[in-house]
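Report on the structure given below.
The values are calculated or read from the model by the stated rules, or taken from the named source; none is laboratory data. Quantities reported herein were computed from a predicted structural model and do not represent experimental measurements. Cβ sites come from the backbone with ideal geometry, for glycine too, and all protein chains shown count toward neighbours.
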Ligand SMILES: [Zn+2]
Ligand SMILES: [Zn+2]
């Protein structure tokens, strides 16, 4: 089959690789019909390179059709349509029972000190073959895949794999009530979807992002765009809009961004020049974190408010504004989305003929898999109008 593979620092290519097969009795293999390109894929493309091996298949946002089911699979059969969550979770362990699927104890990577395995996401997360491919092996077929009906286009359901539950969890963690105020930092796919979900719940949403066409998308759903030059301006504006208190919650949908921050950029460059053995500890201890968004979140949230971190951070959080966090009594909540905890609620919403969240027009690009290498570059460079890419293998 054809698959998008990591071939070296900053290099993805589409290669012929062996077809995946059912290995365990409760595996399925799906034929992927659409599969997303995610902001977090860019971390593999570049800063997480030390944890990749040439030939690793990337991607973790698929929808497809069951092609083959193992003999123990009872709830799915050939021809069923499924979305696969980005976390590989068993659905049966203690963590999964708590709704903490991203910490699944069956697939946790104890040696690496990380949580549940993820599809297509480096040795840190199990080195599981990814979903930007024609076929994908999916374990735990009776509990992990999300069965969706035939009929509506892939775009209706595909975001159940990551964007929707990730945004949904960020909004849940923000602990908001109707008419509360929320500041969303970053209007990439996840920040955008956070804003849409919060607006649907009657929350007043402010958004900041340097990319204009991203802001146009969220403002169409009723978010108030803050046009500010600096982070200090943003804080001043937020205070003016909230009687000097600050917003009830901030969602940081920026996270670790290696591109655009001068410090992170030079750190990423440094790491790129190091051999893997040396680069791994550097990445772990120094990180390439861009903490500006997190600092802004602390300044803009009201006393006693909540900061919900959905952008992915790697490396230590130091220096954090710990004194300010303590003094303002801020609630900080974060973590990978526990997809299966939220997916039934979200699916119910998606089955409504009214496309409340605009998922069917959410993707800005539908591309053949063969165009993946160029799409990765364009997405990294935030090429005009490129917010969300779906590949059609
Ligand atoms: Zn993703
Ligand atoms: Zn589990």
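A few notes on this one:
- Those residues of segment 45-88 which are within 26 Å of residue 344 (Cβ to Cβ) and within 14 Å of ligand 1 (Cβ to nearest atom), in sequence order: 59, 60, 61, 62, 63, 83, 84, 85, 86, 87, 88
- The single residue among 54, 71, 47 that is under 29 Å from residue 150 (Cα atoms), touching a residue at least 24 places away in the same chain (Cβ under 8 Å) and in a loop (DSSP other than H, G, I, E, B) turns out to be 71.
- Selection count where residues are surrounded by 19 or more Cβ atoms within 10 Å (Cβ to Cβ) and either in contact with a strand residue (DSSP E or B) (Cβ under 9 Å, 6 or more places away or on another chain) or on the phi > 0 side of the Ramachandran plot (or both), scope segment 200-220: 10
- Filtering 27, 56 for residues that are surrounded by 19 or more Cβ atoms within 10 Å (Cβ to Cβ) and out of contact with any helix residue (DSSP H, G or I) (no Cβ under 9 Å at 6 or more places or on another chain) leaves a single hit, 27.
- Selection status of residue 332, in a helix (DSSP H, G or I), more than 17 Å from the chain's Cα centre (by Cα) and either closer than 27 Å to residue 222 by Cα or modelled with pLDDT of 95 or more (or both): no
- Failed criterion for residue 96 (all others in (1) near ligand 2 (Cβ under 10 Å from one of its atoms); (2) touching a strand residue (DSSP E or B) at 6+ places or on another chain (Cβ under 8 Å) hold): (2)
- Filtering 220, 198 for residues that are away from ligand 2 (no atom under 16 Å from the Cβ) and under 25 Å from residue 305 (Cβ atoms) leaves a single hit, 198.
- Considering residues of segment 147-165 that are in contact with a strand residue (DSSP E or B) (Cβ under 6 Å, 6 or more places away or on another chain) and closer than 18 Å to residue 37 by Cα only, the residue farthest from ligand 2 (Cβ to nearest atom): 154
- Applying the condition of being assigned to a strand (DSSP E or B) and touching a helix residue (DSSP H, G or I) at 6+ places or on another chain (Cβ under 8 Å) to segment 30-44 and asking which residue is nearest to ligand 1 (Cβ to nearest atom) yields 36.
- Unique residue being away from ligand 2 (no atom under 16 Å from the Cβ), modelled with pLDDT of 95 or more and within 19 Å of the chain's Cα centre (by Cα) when the list is 58, 73: 58
- Every listed requirement among (1) within 26 Å of residue 42 (Cα to Cα); (2) not in a strand (DSSP E or B) is met by residue 82 save one, (2).
- Among residues of segment 103-146, those that are more than 27 Å from residue 68 (Cβ to Cβ), in contact with a strand residue (DSSP E or B) (Cβ under 8 Å, 6 or more places away or on another chain) and within 14 Å of ligand 2 (Cβ to nearest atom), counted: 2
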